[in-house]
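Heads up: the structure comes next, in C-alpha coordinates.
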Amino acid sequence: MAAVDDLCVRIRDTHDRISDRCSQMSDREKKSKWSVRVMLVLLHLVFVGLVFALKPDLLWRNNSMPWYTMIYLALLVATVSQYFFTSYSEPGYVLDAMRAGNEMHATFVNTSTISKQSSSRGANLGQPESPNSNSSQWFKIVSDLHPPGSSPREWTCGYCNVYQPPRSKHCHECDKCVLQFDHHCVWLGTCIGLKNHCRFWWYLLFQTSLAAWTIVLYIHILRQHIPMVWWKNFLMILALCILILIFIFLLLLSLFHSYLAMTNQTTYELARRRRVPYLRGLPEKVQPFSQGICKNLSTFCFSRKKSHLLEPIPSVEELQNRAVSHTWLDCVMCKCFLGFSNCCT
(Lines give C-alpha, C1' and ligand atoms only; values in the text may rest on other atoms or scores of the structure.)
Protein backbone atom coordinates (compact mmCIF):
# COMPACT_ATOMS: atom_id res chain seq x y z
CA MET A 1 0.00 0.00 0.00
CA ALA A 2 2.86 2.37 0.77
CA ALA A 3 4.36 1.74 -2.66
CA VAL A 4 1.03 2.47 -4.31
CA ASP A 5 0.69 5.69 -2.34
CA ASP A 6 4.20 6.78 -3.37
CA LEU A 7 3.37 6.04 -6.98
CA CYS A 8 0.20 8.10 -6.79
CA VAL A 9 2.10 11.00 -5.21
CA ARG A 10 4.71 10.88 -7.98
CA ILE A 11 2.03 10.84 -10.67
CA ARG A 12 0.32 13.86 -9.09
CA ASP A 13 3.61 15.72 -8.85
CA THR A 14 4.38 14.99 -12.49
CA HIS A 15 0.90 16.15 -13.51
CA ASP A 16 1.29 19.36 -11.53
CA ARG A 17 4.67 20.07 -13.11
CA ILE A 18 3.29 19.53 -16.61
CA SER A 19 0.29 21.75 -15.93
CA ASP A 20 2.56 24.45 -14.49
CA ARG A 21 4.78 24.32 -17.58
CA CYS A 22 1.77 24.51 -19.87
CA SER A 23 0.44 27.51 -17.98
CA GLN A 24 3.85 29.16 -18.17
CA MET A 25 3.97 28.53 -21.92
CA SER A 26 0.51 30.05 -22.36
CA ASP A 27 1.58 33.07 -20.30
CA ARG A 28 4.68 33.44 -22.47
CA GLU A 29 2.56 33.29 -25.62
CA LYS A 30 0.26 35.98 -24.28
CA LYS A 31 3.22 38.16 -23.32
CA SER A 32 4.83 37.68 -26.74
CA LYS A 33 1.58 38.64 -28.48
CA TRP A 34 1.27 41.77 -26.37
CA SER A 35 4.91 42.67 -26.94
CA VAL A 36 4.44 42.42 -30.72
CA ARG A 37 1.30 44.55 -30.58
CA VAL A 38 2.94 47.21 -28.43
CA MET A 39 5.97 47.24 -30.72
CA LEU A 40 3.83 47.79 -33.82
CA VAL A 41 1.92 50.63 -32.17
CA LEU A 42 5.20 52.27 -31.15
CA LEU A 43 6.52 51.94 -34.69
CA HIS A 44 3.45 53.75 -36.00
CA LEU A 45 3.94 56.52 -33.49
CA VAL A 46 7.66 56.82 -34.25
CA PHE A 47 7.33 57.04 -38.04
CA VAL A 48 4.41 59.44 -37.87
CA GLY A 49 5.93 61.44 -35.01
CA LEU A 50 9.10 62.10 -37.02
CA VAL A 51 7.01 64.07 -39.50
CA PHE A 52 5.93 66.50 -36.80
CA ALA A 53 9.06 66.42 -34.64
CA LEU A 54 11.97 66.81 -37.06
CA LYS A 55 10.26 69.19 -39.43
CA PRO A 56 6.79 70.50 -38.62
CA ASP A 57 5.86 70.68 -42.29
CA LEU A 58 2.15 70.32 -41.60
CA LEU A 59 1.94 73.39 -39.37
CA TRP A 60 1.35 75.75 -42.26
CA ARG A 61 -1.30 73.41 -43.59
CA ASN A 62 -3.15 73.62 -40.28
CA ASN A 63 -3.92 77.26 -41.01
CA SER A 64 -4.83 77.01 -44.69
CA MET A 65 -5.93 73.35 -44.96
CA PRO A 66 -6.66 71.91 -41.51
CA TRP A 67 -8.49 68.95 -43.05
CA TYR A 68 -5.17 67.68 -44.50
CA THR A 69 -3.70 66.87 -41.11
CA MET A 70 -7.02 65.65 -39.77
CA ILE A 71 -7.41 63.10 -42.57
CA TYR A 72 -3.84 61.90 -42.10
CA LEU A 73 -4.31 61.42 -38.36
CA ALA A 74 -7.70 59.78 -38.97
CA LEU A 75 -6.00 57.29 -41.28
CA LEU A 76 -3.47 56.56 -38.53
CA VAL A 77 -6.24 55.91 -36.00
CA ALA A 78 -8.15 53.76 -38.49
CA THR A 79 -5.06 51.67 -39.23
CA VAL A 80 -4.27 51.00 -35.58
CA SER A 81 -7.93 50.30 -34.82
CA GLN A 82 -8.22 47.88 -37.73
CA TYR A 83 -5.06 46.15 -36.55
CA PHE A 84 -6.52 45.42 -33.10
CA PHE A 85 -9.93 44.64 -34.61
CA THR A 86 -8.34 41.99 -36.83
CA SER A 87 -5.99 40.76 -34.14
CA TYR A 88 -8.84 39.97 -31.75
CA SER A 89 -11.16 38.52 -34.40
CA GLU A 90 -11.77 34.81 -34.78
CA PRO A 91 -10.90 33.11 -38.07
CA GLY A 92 -13.73 30.61 -37.75
CA TYR A 93 -13.06 27.30 -36.05
CA VAL A 94 -14.27 23.85 -37.01
CA LEU A 95 -15.54 23.18 -33.48
CA ASP A 96 -17.78 26.27 -33.65
CA ALA A 97 -19.15 25.21 -37.01
CA MET A 98 -19.77 21.72 -35.64
CA ARG A 99 -21.70 23.11 -32.67
CA ALA A 100 -23.70 25.41 -34.95
CA GLY A 101 -24.53 22.54 -37.30
CA ASN A 102 -25.59 20.28 -34.44
CA GLU A 103 -27.72 23.03 -32.88
CA MET A 104 -29.48 23.65 -36.19
CA HIS A 105 -30.07 19.93 -36.57
CA ALA A 106 -31.37 19.63 -32.99
CA THR A 107 -33.72 22.59 -33.53
CA PHE A 108 -35.02 21.06 -36.74
CA VAL A 109 -35.56 17.69 -35.05
CA ASN A 110 -37.36 19.25 -32.07
CA THR A 111 -39.58 21.37 -34.34
CA SER A 112 -40.50 18.45 -36.54
CA THR A 113 -41.16 16.30 -33.47
CA ILE A 114 -43.50 18.90 -31.95
CA SER A 115 -45.37 19.32 -35.24
CA LYS A 116 -45.77 15.56 -35.60
CA GLN A 117 -46.98 15.21 -32.03
CA SER A 118 -49.47 18.04 -32.43
CA SER A 119 -50.79 16.68 -35.72
CA SER A 120 -51.20 13.19 -34.32
CA ARG A 121 -53.68 14.45 -31.67
CA GLY A 122 -52.10 12.63 -28.83
CA ALA A 123 -50.70 9.70 -30.77
CA ASN A 124 -47.03 8.95 -30.20
CA LEU A 125 -45.86 9.38 -33.81
CA GLY A 126 -42.73 11.49 -33.44
CA GLN A 127 -40.02 9.96 -31.30
CA PRO A 128 -36.94 12.05 -30.46
CA GLU A 129 -33.68 10.89 -31.94
CA SER A 130 -30.93 9.25 -29.95
CA PRO A 131 -28.31 11.39 -28.15
CA ASN A 132 -25.66 10.25 -30.64
CA SER A 133 -27.59 11.71 -33.58
CA ASN A 134 -26.02 15.17 -33.14
CA SER A 135 -22.47 13.84 -33.32
CA SER A 136 -23.31 11.70 -36.33
CA GLN A 137 -25.00 14.66 -38.01
CA TRP A 138 -21.69 16.53 -38.29
CA PHE A 139 -20.15 13.48 -39.94
CA LYS A 140 -22.99 13.48 -42.44
CA ILE A 141 -22.53 17.19 -43.17
CA VAL A 142 -18.79 16.81 -43.72
CA SER A 143 -19.09 13.61 -45.78
CA ASP A 144 -21.55 15.33 -48.14
CA LEU A 145 -18.97 18.04 -48.80
CA HIS A 146 -16.23 15.60 -49.78
CA PRO A 147 -16.23 13.58 -53.00
CA PRO A 148 -17.95 10.17 -52.90
CA GLY A 149 -15.62 7.32 -52.08
CA SER A 150 -13.14 9.39 -50.06
CA SER A 151 -11.96 7.92 -46.79
CA PRO A 152 -12.84 9.65 -43.50
CA ARG A 153 -9.20 9.24 -42.49
CA GLU A 154 -8.23 11.83 -45.10
CA TRP A 155 -10.37 14.53 -43.51
CA THR A 156 -10.04 13.62 -39.84
CA CYS A 157 -7.75 15.82 -37.73
CA GLY A 158 -5.26 13.76 -35.77
CA TYR A 159 -4.87 16.50 -33.16
CA CYS A 160 -8.46 17.65 -32.51
CA ASN A 161 -10.03 14.31 -33.50
CA VAL A 162 -12.79 16.07 -35.45
CA TYR A 163 -14.01 15.74 -39.02
CA GLN A 164 -12.66 18.63 -41.09
CA PRO A 165 -14.73 20.22 -43.85
CA PRO A 166 -12.92 20.96 -47.13
CA ARG A 167 -10.36 23.78 -47.00
CA SER A 168 -9.84 23.36 -43.25
CA LYS A 169 -6.50 22.83 -41.56
CA HIS A 170 -5.18 22.41 -38.06
CA CYS A 171 -3.09 25.35 -36.82
CA HIS A 172 -0.35 24.26 -34.46
CA GLU A 173 0.06 27.80 -33.09
CA CYS A 174 -3.61 28.14 -32.11
CA ASP A 175 -4.02 24.38 -31.53
CA LYS A 176 -7.38 24.46 -33.35
CA CYS A 177 -8.75 23.48 -36.74
CA VAL A 178 -9.46 26.62 -38.78
CA LEU A 179 -12.10 26.91 -41.48
CA GLN A 180 -10.67 27.94 -44.85
CA PHE A 181 -7.22 28.30 -43.33
CA ASP A 182 -5.08 30.96 -45.02
CA HIS A 183 -2.08 31.39 -42.70
CA HIS A 184 -1.14 32.14 -39.12
CA CYS A 185 -0.07 35.77 -38.84
CA VAL A 186 2.66 36.28 -36.28
CA TRP A 187 2.23 40.07 -36.30
CA LEU A 188 -1.47 39.80 -35.51
CA GLY A 189 -1.14 36.84 -33.16
CA THR A 190 -4.05 34.98 -34.73
CA CYS A 191 -4.97 32.83 -37.69
CA ILE A 192 -6.39 34.26 -40.88
CA GLY A 193 -9.30 32.16 -42.02
CA LEU A 194 -12.88 32.17 -43.19
CA LYS A 195 -14.34 34.90 -40.98
CA ASN A 196 -11.49 37.41 -40.71
CA HIS A 197 -9.78 37.23 -44.12
CA CYS A 198 -11.73 40.28 -45.30
CA ARG A 199 -10.78 42.21 -42.16
CA PHE A 200 -7.16 41.29 -42.77
CA TRP A 201 -7.44 42.67 -46.32
CA TRP A 202 -8.85 45.96 -45.04
CA TYR A 203 -6.01 46.20 -42.54
CA LEU A 204 -3.50 45.74 -45.37
CA LEU A 205 -5.26 48.46 -47.36
CA PHE A 206 -5.15 50.94 -44.48
CA GLN A 207 -1.56 50.08 -43.63
CA THR A 208 -0.40 50.43 -47.25
CA SER A 209 -2.17 53.78 -47.64
CA LEU A 210 -0.65 55.11 -44.41
CA ALA A 211 2.84 54.00 -45.45
CA ALA A 212 2.47 55.63 -48.89
CA TRP A 213 1.22 58.92 -47.43
CA THR A 214 4.04 58.99 -44.85
CA ILE A 215 6.63 58.39 -47.60
CA VAL A 216 5.23 61.35 -49.54
CA LEU A 217 5.54 63.55 -46.45
CA TYR A 218 9.12 62.42 -45.82
CA ILE A 219 10.14 63.18 -49.42
CA HIS A 220 8.43 66.58 -49.27
CA ILE A 221 10.36 67.47 -46.11
CA LEU A 222 13.71 66.37 -47.54
CA ARG A 223 13.17 68.30 -50.78
CA GLN A 224 12.78 71.59 -48.96
CA HIS A 225 16.54 71.69 -48.20
CA ILE A 226 16.01 73.41 -44.89
CA PRO A 227 19.20 73.30 -42.80
CA MET A 228 18.99 70.77 -39.99
CA VAL A 229 21.44 68.93 -37.77
CA TRP A 230 23.19 66.10 -39.62
CA TRP A 231 21.78 63.39 -37.41
CA LYS A 232 18.25 64.58 -38.13
CA ASN A 233 18.85 64.28 -41.86
CA PHE A 234 20.40 60.87 -41.37
CA LEU A 235 17.44 59.77 -39.25
CA MET A 236 14.97 61.00 -41.85
CA ILE A 237 16.77 59.21 -44.70
CA LEU A 238 17.06 56.00 -42.68
CA ALA A 239 13.37 56.10 -41.77
CA LEU A 240 12.47 56.80 -45.39
CA CYS A 241 14.43 53.77 -46.63
CA ILE A 242 12.77 51.53 -44.06
CA LEU A 243 9.36 52.91 -44.97
CA ILE A 244 9.93 52.25 -48.68
CA LEU A 245 10.81 48.63 -47.97
CA ILE A 246 7.75 48.26 -45.75
CA PHE A 247 5.55 49.88 -48.39
CA ILE A 248 6.78 47.53 -51.13
CA PHE A 249 6.12 44.51 -48.92
CA LEU A 250 2.64 45.76 -47.95
CA LEU A 251 1.75 46.62 -51.54
CA LEU A 252 2.74 43.19 -52.81
CA LEU A 253 0.90 41.52 -49.95
CA SER A 254 -2.24 43.58 -50.64
CA LEU A 255 -2.17 42.70 -54.33
CA PHE A 256 -1.59 39.04 -53.51
CA HIS A 257 -4.58 38.82 -51.16
CA SER A 258 -6.70 40.75 -53.65
CA TYR A 259 -5.89 38.06 -56.19
CA LEU A 260 -6.80 35.38 -53.64
CA ALA A 261 -10.14 37.09 -52.99
CA MET A 262 -10.97 37.36 -56.71
CA THR A 263 -10.17 33.69 -57.35
CA ASN A 264 -11.49 32.29 -54.04
CA GLN A 265 -8.20 30.77 -52.96
CA THR A 266 -6.12 30.76 -49.80
CA THR A 267 -2.41 31.15 -49.26
CA TYR A 268 -2.15 27.59 -48.00
CA GLU A 269 -3.91 26.20 -51.07
CA LEU A 270 -1.74 28.20 -53.43
CA ALA A 271 1.54 27.36 -51.69
CA ARG A 272 0.77 23.68 -50.99
CA ARG A 273 -1.29 22.92 -54.07
CA ARG A 274 0.48 19.62 -54.77
CA ARG A 275 0.07 18.44 -51.18
CA VAL A 276 -3.61 19.30 -50.69
CA PRO A 277 -5.65 16.17 -51.54
CA TYR A 278 -8.57 17.94 -53.29
CA LEU A 279 -6.17 20.03 -55.44
CA ARG A 280 -3.75 17.29 -56.35
CA GLY A 281 -3.79 16.42 -60.04
CA LEU A 282 -5.69 19.55 -61.16
CA PRO A 283 -4.26 21.97 -63.73
CA GLU A 284 -2.53 24.88 -62.06
CA LYS A 285 -4.91 27.50 -63.44
CA VAL A 286 -8.11 25.68 -62.48
CA GLN A 287 -9.62 27.05 -59.27
CA PRO A 288 -12.18 24.52 -58.00
CA PHE A 289 -13.97 26.89 -55.61
CA SER A 290 -14.15 29.94 -57.87
CA GLN A 291 -17.66 31.07 -58.82
CA GLY A 292 -16.76 34.12 -60.86
CA ILE A 293 -15.04 37.31 -59.79
CA CYS A 294 -18.24 39.11 -58.76
CA LYS A 295 -19.55 36.17 -56.74
CA ASN A 296 -16.13 35.59 -55.18
CA LEU A 297 -15.80 39.20 -54.03
CA SER A 298 -19.36 39.24 -52.73
CA THR A 299 -18.75 36.08 -50.73
CA PHE A 300 -15.38 37.36 -49.53
CA CYS A 301 -16.79 40.67 -48.27
CA PHE A 302 -20.24 39.81 -46.97
CA SER A 303 -21.15 36.13 -46.76
CA ARG A 304 -18.42 34.95 -44.41
CA LYS A 305 -18.80 37.30 -41.45
CA LYS A 306 -22.00 36.01 -39.85
CA SER A 307 -22.07 32.35 -40.88
CA HIS A 308 -19.86 29.33 -41.27
CA LEU A 309 -19.64 28.92 -45.04
CA LEU A 310 -18.84 25.30 -45.88
CA GLU A 311 -18.02 24.83 -49.56
CA PRO A 312 -18.28 21.37 -51.12
CA ILE A 313 -15.57 20.02 -53.40
CA PRO A 314 -16.80 20.16 -57.03
CA SER A 315 -17.27 16.94 -58.89
CA VAL A 316 -14.72 15.57 -61.34
CA GLU A 317 -17.00 16.32 -64.32
CA GLU A 318 -17.33 19.97 -63.30
CA LEU A 319 -13.57 20.34 -62.88
CA GLN A 320 -12.97 18.74 -66.27
CA ASN A 321 -15.38 21.22 -67.89
CA ARG A 322 -13.45 24.08 -66.35
CA ALA A 323 -10.25 22.82 -67.94
CA VAL A 324 -11.73 23.01 -71.45
CA SER A 325 -10.62 25.82 -73.78
CA HIS A 326 -13.00 28.78 -74.10
CA THR A 327 -13.54 31.60 -76.53
CA TRP A 328 -13.31 35.37 -76.23
CA LEU A 329 -17.07 35.51 -75.69
CA ASP A 330 -16.64 33.44 -72.55
CA CYS A 331 -14.01 35.92 -71.38
CA VAL A 332 -16.38 38.83 -72.00
CA MET A 333 -19.06 37.00 -70.01
CA CYS A 334 -16.57 36.69 -67.09
CA LYS A 335 -16.46 32.93 -67.37
CA CYS A 336 -12.69 33.04 -67.24
CA PHE A 337 -12.88 33.87 -63.56
CA LEU A 338 -14.71 30.62 -62.87
CA GLY A 339 -11.37 28.85 -62.84
CA PHE A 340 -10.91 27.88 -66.48
CA SER A 341 -7.32 27.15 -67.42
CA ASN A 342 -7.33 27.66 -71.21
CA CYS A 343 -9.29 30.84 -71.68
CA CYS A 344 -9.19 33.09 -74.75
CA THR A 345 -7.66 30.51 -77.07
Going by accessible area, probe 1.4 Å, with all protein chains left in place, what is the ranking of R272, R280, largest first? R280, R272
Sorted by chain and number, the residues with a modelled amide H under 5 Å from that of V162, at a separation of 5 or more or across chains, are C157
Tell me, what ³J(HN,Hα) does each residue in the stretch 137-149 have, in order and in whole Hz, if you take phi through Karplus 6.51 cos²θ - 1.76 cosθ + 1.60 with θ = phi - 60° and put x for Gly and Pro? 5, 5, 4, 5, 5, 5, 5, 5, 7, 8, x, x, x
Karplus-derived HN-Hα couplings along the stretch 190-197 (A = 6.51, B = -1.76, C = 1.60, θ = phi - 60°), whole Hz, x at Gly and Pro: 8, 7, 9, x, 4, 8, 10, 5
Residue-normalised accessible area of the stretch 139-258, expressed per residue, 1.4 Å probe, Å²: 53
Would you please give the residues with an amide H less than 5 Å from that of H183, counting only those at least 5 places away or on a separate chain, with H modeled from the backbone geometry? I192
Once ligands and nucleic acids are excluded and a 1.4 Å probe is used, how much of R273 is accessible, expressed in Å² to the nearest 10? 30
From most to least accessible, 1.4 Å probe, no ligand or DNA/RNA atoms counted, S87, S315 line up as S315, S87
Give a residue-ordered list of calculated ³J(HN,Hα) values for the stretch 242-259 (Karplus: 6.51 cos²θ - 1.76 cosθ + 1.60, θ = phi - 60°; whole Hz; x for Gly, Pro). 5, 5, 5, 5, 5, 5, 4, 5, 5, 5, 5, 5, 5, 5, 5, 6, 5, 5
W201 accessible area, nearest 10 Å², 1.4 Å probe? 60
Tell me which residues come under 5 Å, amide H to amide H, from H170 once H is placed; ignore anything under 5 positions away on its chain. V178
On the full set of protein chains, 1.4 Å probe, figure out the accessible area of W202 and give it in Å² to the nearest 10. 110
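The values are calculated or read from the model by the stated rules, or taken from the named source; none is laboratory data. This is a predicted model, so every value here is computed, not measured. These area figures cover heavy atoms from the full protein model, side chains too; ligands, DNA and RNA do not enter into them. Shrake-Rupley method; radii C 1.70, N 1.55, O 1.52, S 1.80 Å.
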